[in-house]
Amino acid sequence: MGRFSKNSIQFAALSVLLAMLLSGCATIDAGPDRVSGSRDPLQPASEQVVGIVSFVDPAEEIALVEMRSPGMQTAQILLTRNQNLTETSRLEPTRFQRGRTLGTRIVSGLPNIGDEVLIP
């Protein structure tokens with residue numbers, strides 16, 4: 001312990017402990033905002049995420065969408081996009097809706113399970 005005094009070791013330990021405690025106080029979590037229906041600040045103002053693709057049948061040209069909330073108002077055309085924010089398809093809502101599940105007809109492209117569904 002020749003080079004470091006007892007006080008400097010205690011100060012360093014206290015600094016590390018304080019940094020660990022304070023780092024837990026400032027967290028960023030985008031998960032609840034996306035689920036609750038509030039706007040995503042990184043998303044253009046003209047787009048609103050309304051759900052996620054839960055089932056796709058390319059042969060019948062249908063897809064099921066798990067809506068954020070039951071009875072949510074939809075548009076004439078819905079867009080889907082993947083994790084890279086690339087548009088994967090356009091969907092037309094049908095009259096089929098049970099709870100939060102909305103039936104759609106694939107107009108163009110091919111959606112994938114897990115793609116975001118949004119109103120353009």
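Laboratory data are not the source of any read-out in this text; all were calculated from the coordinates shown. Note that the structure is predicted; figures quoted are calculated from it, not measured.
List the residues whose amide H sits under 5 Å from the amide H of GLN48, counting only those 5 or more places along or on another chain, with H placed 1.01 Å from N in the peptide plane.
Counting only residues 5 or more places away or on other chains, the set is ILE119.
Indicate the gyration tensor shape class of region 42-119 (rounded, prolate or oblate), computed on the Cα atoms with a ≥ b ≥ c the square roots of the eigenvalues: a/c under 1.5 is rounded; otherwise a/b larger than b/c is prolate and the rest oblate.
Taking the square roots of the gyration eigenvalues as a ≥ b ≥ c, region 42-119 is oblate.
On full extension of the chain, what length is gained from PHE96 through PHE55, given 0.36 nm per residue of separation minus the C-alpha to C-alpha distance?
Value of the extension gain: 13.4 nm.
Quick one: compute the contact order of region 42-119, relative version, from alpha carbon pairs under 8 angstrom and 6+ residues apart, as a percent.
So the answer I get is 39 percent.
Subtracting the Cα-Cα distance from 0.36 nm times the residue separation, let me have the gained length for ILE113 to SER5 in nm, one decimal.
Contour length minus the Cα-Cα distance gives 32.8 nm.
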